[in-house]
Amino acid sequence: MLVSLTEEKTYKMLVEKMDAGESFIGEDILLEFTNYELLHGILTCSLPISLLFPAFLRKRKTELCYKLALAEAALDTDGEYLRKSSRISYLDSAEKSMISYYLGNFFTFLITRKLFDTEYLLHLNYMRDGQGNAYDSAGKKKRQELIGYQKEQDAWSIWEAKGRSNNMKEAMEKGCSQAGEIGNVNGKSPVLKAVCMTYYERGYLNAKIQKESRQGDIGLDFSKEAYIREYYRSIRELFLEYYNCENMRDLRLCGIDFVELLLPVPYFLEGQSLQETERCICIGMPRNFIEREESPFWIQEHLEELKKELGESSYLGRDGIYVRKALDKKNELFL
């Protein structure tokens, strides 16, 4: 069946341990997640290609629609499981590789949050070193790592996201080598260095994770404040594209001022909807994150009460960004 990530649904995915090398999950995990959790991962996955278009106004809406369209076009559902869609079979290998790369990133964002409580994950391309130089890459492999941050432990982690059509040992080995080059982040040894790879097994989307224990000699040095600011940059820009428009409303949750955006997006695939041509994604975040770029860490003290107020048809990340079923301004169903 067709995937529609705005449709409320629970999915399952097998996350495999490694049969060889060092694994740090004790057994294979059948990971359950909702469409809202996956939407949150797609939304917050800021890809380096977006840095090419600084002058394009509406780039964040375009970027989100593109990411959503790729995910829905590449995948079908079989009950609760995601399968490779036959729609992409006509593409050549390079085009399929590009789609696999995107999927690898989306699901790495999802999995690191679900299994490892990594609140923040950002491509190294977004960061600059202490001298203001951009990190185009780190090390000899010329591949941009994902830098994770956990606020409670004040800990950094290194992730390599891989997306492949098949279970490729070589991709895991390359990812481990790339992650292993990093020795420290802001003077601290990473609490975790790992590779997360998505691939298809008998047509079903699976993931595999492997830890890397080698200690490299490359140090990354950047401002924590700049890291957090860059993490929120793409979401702030998305909100600012629609600021004070009719798509946006103010609301108060648990005594905190939020801004909520009702973002219309098309149905990308024929047959996704027989009645409407458009649907809506509902995204919210605290007003202070948008207007003053203040430190977001205080929001974690209110997560549980906020989750209760938002209700079941939603997902609130530890970053304070939520995705939920679209409501209109009278708190009635928007779609």
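The values are calculated or read from the model by the stated rules, or taken from the named source; none is laboratory data. Small disclaimer: the values here were computed from a predicted structure and weren't measured. Every residue, glycine among them, receives a Cβ derived from its backbone with ideal geometry; neighbour counts consider all protein chains shown. In case anyone asks, the SASA skips ligands and DNA or RNA and just uses the protein heavy atoms, side chains included. Shrake-Rupley method; radii C 1.70, N 1.55, O 1.52, S 1.80 Å.
A few notes on this one:
- Which label in [x] 60; [y] 51; [z] 48 gives the computed percent of Cα pairs over 25 Å apart: [y]
- Only Lys, Arg (+1) and Asp, Glu (-1) charged, at Cβ; the stretch 179-303 dipole about Cα centre in debye: 540 debye
- Pair R252, L51: separation of 7 Å Cα→Cβ label points (nm): 4.1 nm
- Here the stretch 202-273 is treated as a Stokes sphere of Kirkwood radius computed over C-alpha pairs; at 25 °C and 0.890 mPa s its diffusion coefficient rounds to 138 µm²/s.
- For T118, residues with placed amide H under 5 Å, excluding near neighbours: R113
- Two-site FRET efficiency, T62 against Y243, from Cβ-Cβ distance with R₀ of 22 Å, rounded to 0.05: 0.80
- Share of carbon and sulfur in the accessible heavy-atom surface of the chain [1.4 Å probe, %]: 47 percent
- Reducing the stretch 198-212 and the stretch 224-239 to their Cα centroids gives an inter-centroid distance of 30 Å.
- Between S314, S100, S273, the Gaussian network model of the chain with springs among Cα atoms under 10 angstrom shows the greatest mean-square fluctuation at S273.
- Contour minus Cα-Cα distance for S165 and E294 (0.36 nm per residue): 42.4 nm
- When the chain is treated as a Gaussian network with alpha carbon springs shorter than 10 Å, the biggest mean-square fluctuation among S295, S46, S189 belongs to S295.
- For the stretch 157-203, the relative contact order comes to 58 percent (Cα pairs under 8 Å, sequence separation of at least 6).
- The modelled label-to-label distance for the pair K211/E225, using points 7 Å beyond Cα in the direction of Cβ, is 3.5 nm.
- For the chain, built as a Gaussian network whose Cα springs stay under 10 Å, the top-fluctuating residue of L122, L103, L303: L303
- In plain terms, the bigger the Kirkwood radius, the slower the diffusion; for the stretch 281-329, with that radius from Cα pairs, at 4 °C and 1.567 mPa s, Stokes-Einstein puts D at 114 µm²/s.
- For the stretch 242-310: rounded, prolate or oblate by the Cα gyration tensor [a/c cutoff 1.5]: prolate
- When the alpha carbon gyration tensor of the stretch 74-219 is reduced to an equivalent ellipsoid, the three semi-axes, largest first, read 29, 16, 14 Å.
- For the stretch 198-335, the solvent-accessible area with a 1.4 angstrom probe is 50 square angstrom per residue.
- With viscosity 1.567 mPa s and temperature 4 °C, the Kirkwood radius over alpha carbon pairs of the stretch 1-127 converts through Stokes-Einstein to a diffusion coefficient of 81 µm²/s.
- Across the stretch 212-335, the volume of the C-alpha convex hull divided among the residues equals 184 Å³ per residue.
- Per residue, the stretch 1-123 exposes 43 Å² of accessible surface when a 1.4 Å probe is rolled over the protein heavy atoms with every protein chain present.
- Each residue of the stretch 33-47 was assigned a 3J(HN,Hα) from its phi angle through the Karplus curve 6.51 cos²θ - 1.76 cosθ + 1.60 (θ = phi - 60°); the sequence is 8, 9, 4, 5, 5, 5, 4, 4, x, 5, 4, 8, 7, 7, 8 Hz, with glycine and proline shown as x.
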